[in-house]
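**Student:** Below are the structure tokens for one structure; questions will follow.
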Amino acid sequence: MSSPLVVETIAGIRSELEALRSAGKTVALVPTLGALHEGHLAHVARARELADVVVVSIFVNPLQFGVNEDLAKYPRDLDGDLARLQPFGVEYVFAPTPAEMYPDGGTQVKVTGGPVASLFEGRSRPGHFDGVLTVVAKLLQIVQPHVVTFGQKDAQQLFLVQRMVRDLNIDVAVEVIETVREADGVAMSSRNRYLGPNERTAARALSRALEAAQSASDRGIDSVLAAAQAVLMDEKLVTLDYLKVVDPKTFLPVDDGYRGPARVLIAAKVGPARLIDNDSLYLN
């Protein structure tokens, strides 16, 4: 299969897709920051099944990185990304520069995620979700896909994107891709490459904590949190940021008496990398 056509301008990708949509072709968008791994490729494979034309966006969005975060050193490997995409027959890679997306150096109008955006990841990374939602809204306006993929691993981001699409009546279907894991259970992430051998082993504690939470779900929320925290505390290279259980309908923390479907969230620092993970459970 041929390599994807790389398009760097908004006008260029709009021009390419306009004729295809006019011919009745459906379009899927896979938004990424690049440094593609098997988790991203699961999105691409699903997009290939869902639409006639697949667009993968590769853009390290400065709006979603805080002052002390890893924007400058975030991994960038466009040539490697194109090679990984080639077997899937991806038609287009939209790879704009920050100046193309934000010609005035930023944007005065932003999309905000409301109260949920200030919790969990939003509390640890102020302004992060405003940056995410703003760039997602821009990408949806630029590409105008019929379907867009988002991963369950970034559960809070997924919730907020789904709410944005619903609240703003954006005409796109959001396809949820389940978390893709390494053989040892570690959720795939571009930031995993920052981990040394001992830190990589320590990162397994996050998925093991989720398993412990699952095993305690019939004993209530206190037991769920205690079981997960015990696993994380045993791993000295893991520094816990937060461990929460939320109602998937509202993404707000559940109380002690809650019964029903829930999602347990973990964020932790492992060496130089900040990792997140989550899983669903049912509280009896």
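**Student:** Any idea which residue in the stretch 204-261 is farthest from the chain's Cα centre (by Cα), counting only those that are surrounded by fewer than 15 Cβ atoms within 10 Å (Cβ to Cβ) and of a type in the set (V, I, T)?
**Tutor:** Top of the filtered list is T239.
**Student:** What are the residues in the stretch 237-284 that are assigned to a loop (DSSP other than H, G, I, E, B), within 17 Å of L160 (Cα to Cα) and of a type in the set (D, E, K, R), if any?
**Tutor:** Matches in the stretch 237-284: D247, K249.
**Student:** Let me ask another. Checking the structure you have, find out if any residue of the stretch 32-41 is surrounded by fewer than 16 Cβ atoms within 10 Å (Cβ to Cβ) and either over 16 Å from the mean Cα position of the chain (by Cα) or part of a helix (DSSP H, G or I) (or both).
**Tutor:** yes
**Student:** If you scan the stretch 70-84, which residues turn out to be within 20 Å of M101 (Cβ to Cβ), open to solvent by 60 Å² or more (accessible area, probe 1.4 Å) and touching a residue at least 40 places away in the same chain (Cβ under 8 Å)?
**Tutor:** Hits for the stretch 70-84 are R76, D77, L78.
**Student:** Would you confirm, using the coordinates I've provided, whether A95 is under 19 Å from the mean Cα position of the chain (by Cα), closer than 20 Å to V176 by Cα and crowded, with 17+ Cβ neighbours inside 10 Å?
**Tutor:** no
**Student:** Further, regarding this structure: Would you please list the contacts, defined by Cβ atoms under 9 Å and residues six or more apart or on different chains, that run from a residue in the stretch 1-30 that is among the aromatic types (F, W, Y) to a residue that is part of a loop (DSSP other than H, G, I, E, B) and open to solvent by less than 50 Å² (accessible area, probe 1.4 Å)?
**Tutor:** If the second residue must be part of a loop (DSSP other than H, G, I, E, B) and open to solvent by less than 50 Å² (accessible area, probe 1.4 Å), no pairs are left.
**Student:** When the residues of the stretch 168-185 are narrowed to those that are over 16 Å from the mean Cα position of the chain (by Cα) and of a type in the set (D, E), which ends up surrounded by the fewest Cβ atoms within 10 Å (Cβ to Cβ)?
**Tutor:** D171
**Student:** Restricting attention to the stretch 17-31, which residues are open to solvent by less than 10 Å² (accessible area, probe 1.4 Å) and either closer than 24 Å to D130 by Cβ or of a type in the set (D, E) (or both)?
**Tutor:** Scanning the stretch 17-31 gives L29, V30.
**Student:** Mind counting the residues in the stretch 183-220 that are within 25 Å of F65 (Cβ to Cβ) and not in a helix (DSSP H, G or I)?
**Tutor:** Result for the stretch 183-220: 7.
The values are calculated or read from the model by the stated rules, or taken from the named source; none is laboratory data. On a predicted model such as this, the values are computed, not experimentally measured, just so you know. Ideal geometry is used to build each Cβ from the backbone, glycine not excepted, and the neighbour counts take in all protein chains shown. Each accessible area value is taken on the protein alone, full model and side chains, heavy atoms only, with ligands, DNA and RNA left out. Shrake-Rupley method; radii C 1.70, N 1.55, O 1.52, S 1.80 Å.
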